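Structure record follows, encoded as structure tokens.
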Amino acid sequence: MSDPRPARTPSPLPDFCRLPAVAALFAVGALTVTLMWLAPDNPHGWRGYSVGMLFVSWLSVLIALALCYARPWLQRLGGWMPYAGVWLVMMLVVAVASACARWMDLALQLELVRVPPAAFVRDNLLVTALLGAAMLRYFYVLAQWQARLAAVAHAQVDALQARIRPHFLFNSMNTVAALVRVDPAAAERTIEDLCELFRAALGATGTHEGTLGEELALIERYLAIEQLRLGERLRVRRELDPLPPDYPLPRLLLQPLVENAVRHGIQPLREGGEVRLRGWHEARTLHIEIDNPLPPSPTSPGHGHGLTNVRQRVAYRYGTRATVEAGPREGRFVVALRLPLDAPPAVAA
């Protein structure tokens with residue numbers, strides 16, 4: 001019997017096993033040492049500054065290691081408790097490391113620290129308590145902002161998946177009805193293509209993440225349906241270099257762009273036109289371009305809403321290294337995507 005209580009969602013914590021979190025710890029510590037060295041009553045000696053930077057670097061590594069190993073257990077806590085656990089781990093590490101460092105200084109008679117051991121540990125704990133709380137507050141606000149951004153992005157995907165254009169459905173059904181008697185095999189293929197399109201559009205897979213190979217296969221199914229309806233008016237040129245089929249790609253990212261190209265670039269033209277699909281990769285960047293002829297008069301609505309959705313999803317999924325450019329070029333409307341080949345892992349909502 002399943003538990004009726006809702007599952008507890010783990011609070012997101014920074015990954016202290018990765019370089020950005022370690023760099024943040026070191027930067028905060030180094031900034032603190034520098035500010036203390038610049039204080040008016042400080043003798044500004046380079047020896048003390050060097051010792052302070054060395055001690056902070058050692059503490060940063062120790063804290064990062066402790067938090068890296070403790071993160072799986074801290075993640076199981078709910079609400080703000082993981083951050084309280086991180087703060088306590090930092091305090092414990094600083095207390096033990098400060099006591100050990102002061103003991104070694106006394107045992108080896110290095111005289112690197114000129115304050116009593118208790119005062120040395122106390123002062124380090126006070127600084128860590130204040131700076132640790134401020135830094136964890138920043139991490140908490142950042143995590144909440146990322147969670148809201150993820151919710152907005154997934155809501156937009158859900159809205160896109162729920163938006164099935166009636167005209168496309170009706171035209172496809174009319175195509176199937178016309179083919180049933182004259183070409184039953186083509187009608188059956190069209191129904192299969194429609195099923196796959198609606199499976200992706202309605203989110204039947206239960207995930208917003210797919211692959212480039214799956215998205216290209218979905219585009220081919222869509223074009224096969226439109227080819228039956230538009231006939232020779234729709235011409236497709238594929239200039240796709242060998243692309244990584246397992247490249248992670250949000251579902252329904254490219255198919256709506258191809259649909260816009262057919263709807264706004266081919267359908268209004270009596271003589272039809274050519275949709276070009278281009279793809280290649282170079283310098284650790286994946287290039288994808290979709291372009292269509294520009295009609296004499298702009299259609300309504302234009303490419304605006306769909307492109308805004310694509311830009312937001314690309315920015316959320318791949319970060320600032322990815323770009324989406326769109327606009328007229330030599331009598332055609334071109335949408336160009338630049339995506340990093342070493343895409344970051346998907347973030348669960």
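Of everything in region 259-285 that is outside any helix (DSSP H, G or I) and either in contact with a Ser or Thr (Cβ under 6 Å, 6 or more places away or on another chain) or in contact (Cβ under 8 Å) with a residue 60 or more places away in the chain (or both), the residue that is least open to solvent (accessible area, probe 1.4 Å) is 268.
Looking only at residues in region 310-348 that are open to solvent by less than 20 Å² (accessible area, probe 1.4 Å) and either in contact with a Pro (Cβ under 9 Å, 6 or more places away or on another chain) or of a type in the set (Lys, Arg) (or both), the one that is nearest to residue 266 (Cα to Cα) is 334. Residues in region 332-339: is at least one outside any strand (DSSP E or B) and either in contact with a Ser or Thr (Cβ under 8 Å, 6 or more places away or on another chain) or modelled with pLDDT under 95 (or both)? Looking through region 332-339, none of the residues is outside any strand (DSSP E or B) and either in contact with a Ser or Thr (Cβ under 8 Å, 6 or more places away or on another chain) or modelled with pLDDT under 95 (or both).
As for region 205-224, it holds at least one residue that is open to solvent by 60 Å² or more (accessible area, probe 1.4 Å), touching a helix residue (DSSP H, G or I) at 6+ places or on another chain (Cβ under 9 Å), of a type in the set (Ser, Thr, Tyr) and at pLDDT below 90. The criterion of being open to solvent by 60 Å² or more (accessible area, probe 1.4 Å), over 14 Å from residue 60 (Cα atoms) and not in a loop (DSSP other than H, G, I, E, B) holds for residue 130. Given the conditions (1) closer than 21 Å to residue 199 by Cβ; (2) assigned to a strand (DSSP E or B); (3) not hydroxyl-bearing (Ser, Thr, Tyr), report the number of the one that residue 239 does not fulfil. Only one criterion in (1) closer than 21 Å to residue 199 by Cβ; (2) assigned to a strand (DSSP E or B); (3) not hydroxyl-bearing (Ser, Thr, Tyr) is unmet by residue 239, namely (1). Can residue 228 be described as at pLDDT below 90, of a type outside the set (S, T, N, Q) and open to solvent by 50 Å² or more (accessible area, probe 1.4 Å)? It is true that residue 228 is at pLDDT below 90, of a type outside the set (S, T, N, Q) and open to solvent by 50 Å² or more (accessible area, probe 1.4 Å). The combined condition, being in a helix (DSSP H, G or I), under 27 Å from the mean Cα position of the chain (by Cα) and at pLDDT below 80, is fulfilled by residue 159.
Set side by side, the residues 194, 249, 179, 230 differ, and just one is touching a Ser or Thr at 6+ places or on another chain (Cβ under 9 Å) and farther than 30 Å from residue 339 by Cα, which is 179.
Among the residues making up region 107-127, those that are part of a helix (DSSP H, G or I) and either surrounded by 12 or more Cβ atoms within 10 Å (Cβ to Cβ) or in contact (Cβ under 8 Å) with a residue 24 or more places away in the chain (or both) are 117, 120, 121, 122, 123, 124, 125, 127.
Against the condition open to solvent by less than 70 Å² (accessible area, probe 1.4 Å), touching a Pro at 6+ places or on another chain (Cβ under 6 Å) and not in a helix (DSSP H, G or I), how does residue 244 come out, does it pass? So residue 244 fails the test.
The values are calculated or read from the model by the stated rules, or taken from the named source; none is laboratory data. Bear in mind that the values here come from a model prediction, so they are computed numbers and not experimental data. Methodologically, a virtual Cβ is constructed for each residue, glycine included, from the backbone with ideal geometry; neighbour enumeration extends over all protein chains shown. Surface areas here come from the heavy atoms of the whole protein model, side chains and all, with no ligands, DNA or RNA. Shrake-Rupley method; radii C 1.70, N 1.55, O 1.52, S 1.80 Å.
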